[in-house]
Structure formats: C-alpha cells, structure tokens
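Input: a single structure, listed below in structure tokens.
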C-alpha cells in the first residue's frame, strides 16, 4: 500500500509538471494533454508499469460529468432537438466513410478487412474491442489504431479550435452566477457515485453519463445544484490525463510500425471532414462553428466537452450531441457490423 501511494504521488507530481509546461508553452488543454504526455513518457521508462487508482478515476469522471451537467439550461434541449436529424445523418455519413476507409487501409496494409474496419470506426474503445473479440479480428491491432486516433484528436482538435476561435469569437453562452459548493450538492455527488457504481456493468460510461443526465435535469427544472469548484475540476482533468497517458505505450506503436503514420494520416483526414461537417451544421443551425465542430469531432464526449469549455463554446450542446453519436455507435453500430462481417465470412 505505501508503494502504491508513492507511485500515485509521483504520477500526480509529474502530471502537474507536465501541466505547468503546457501552460508556459500556451498549449491547449494543459490539464489533460500535459499529464498525458508527461505520464506517457514516464511510464515508458518505469518497470513495472504504473497504474491509476480506479476510485480516483471514477470520481474524476463523475466530477467531469457533473461539470457538463451544470452547463445545461432550459434552452439547451430546444437548441439540440431541431438539429437531431441533420446531426445523425452526418454521423451516419462519417461512419460510412470510416468503414470504406478501413477497407482500403486493410487492403493497403495487408491486414484482414475486419480489423481494418473496426480500427477505423470512431466508437468507444471498449465496445470496438468487444466486437473485435466476437468476430475474431486482431484485437491488439484494433486497440492500437484507436489509440492513435484518440491521440490525434486530443492533440490536433484542441489546437485547431484554439487557433480558429478565441473566447470572444466562439459565441459561447454567457455563464450564470456561480453557485458555491454546499452540503446538498456533496450528498448528491455521493449518491450519484453509488448509483453509477451499481450500474457500471450495465451501461457505457456511467460515471460520466449519470451525473450529466441527473444534474442537467435538476438544472433545467430550476433545482439549484452547486457548480464544480475550478480547483476540483482541474484535479479531475489531471486524473483523466494521467489515465490516458497510462493507456498507451511506445511498444504499441512499434507493433504496427510504418502503419502508425498511415493511420495518423487517416485520423487527420477524418478530423478535417468532421470540421467541414461542423461548418455545414453551423450554417444550417443557430449553433456556432466552434460548438458544431466539437460536436462532430471524432473524439470522446468528455474530451470534446472540456475543449468546448476552454474556448467558451457550449459544453452542454457538445456533450448532448456527442452523447447521441456515442449511443448510436455503441448501441446500433455493433449489430450492423456483426451482420456485415457475418455475411462477408459466409461468402
């Protein structure tokens, strides 16, 4: 136990140093990208490999979900619902492009078609790995491809958004008066953690989605819930950044060698297409370009909502639309892919 605590202290210290360096260099998302790079580097030289505290990570996801939920207002749903169909259509097109690109990449890299497709579709890593196991694809390679995509999105999208938009240009919704943290909200957080823990094997990302949903509903019906103090929010971001840094290694990239760069180019092209779709969605709706672009970016719900907060876009709308895409990919796409792969194997 003392050794584990020592490793945690070392990781958070190194993560803070990475955060400070990113602040000095004015790199976006310093509380996530700083520790991600720092811990990724540290873990490559430490034997045995470091591990994040599962409880700390779960609380960090809960705090992040709560932060997203506090951004919801009565106008959020009214803004999202009219663009549900166009957004879903764009999501389907993006997934189709990913599937066809995965087939091309599989042919070029001389890997099996199933692995190429599963490595290209921007779904949750755990869901894609589960499908990969069930259809006997190369699960390790699928995991590496998704890691490269996640790294590409985390490094490129925030920088692109920060370059294109300043807080004054992004048109984000002005923040309301901050509600200080109180006992009722702390008790609510504890209850939400317990609920998320109970259903952790029955739904995707419960420690993010449950607080996001419930706090959003409470805010919409005008029941006061405290805002997350910025210091706690930064600690949560730091923990998530450490987790992401621990999830990748140099050996992953050595495994597929020169195909790493090929898949990085594919991820960059996907980001560009998503940005184009975001621009079209902003033209067809009242959403700002920053909000629309982050809603369609092929990253995770948490990371894109945090980026939205950084550039003063609307984290609630970004979180809502990213959630719609995540549910589509997690609940519908697996059945479609399994049917496609079954038909292909029977031919």
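The values are calculated or read from the model by the stated rules, or taken from the named source; none is laboratory data. Keep in mind that what you see is a predicted model, and the values were worked out from it rather than measured. We place every Cβ from the backbone using ideal geometry, glycine too, and count neighbours over all the protein chains shown.
Side notes on the structure shown:
- Some residue of region 66-89 being at pLDDT below 85, surrounded by 14 or more Cβ atoms within 10 Å (Cβ to Cβ) and closer than 30 Å to residue 262 by Cβ: no
- Test: residue 286 is more than 18 Å from the chain's Cα centre (by Cα) and either crowded, with 21+ Cβ neighbours inside 10 Å or closer than 21 Å to residue 83 by Cβ (or both): yes
- Top-ranked residue in region 201-221 [being in contact (Cβ under 8 Å) with a residue 60 or more places away in the chain and assigned to a loop (DSSP other than H, G, I, E, B); ranked as surrounded by the fewest Cβ atoms within 10 Å (Cβ to Cβ)]: 204
- For residue 22: the one exception among (1) within 22 Å of the chain's Cα centre (by Cα); (2) touching a residue at least 40 places away in the same chain (Cβ under 8 Å): (2)
- Residue in region 57-71 that is over 19 Å from the mean Cα position of the chain (by Cα) and not in a loop (DSSP other than H, G, I, E, B) present: no
- Meets criteria (in a helix (DSSP H, G or I) and without any contact (Cβ under 8 Å) to a residue 40 or more places away in the chain) for residue 80: no
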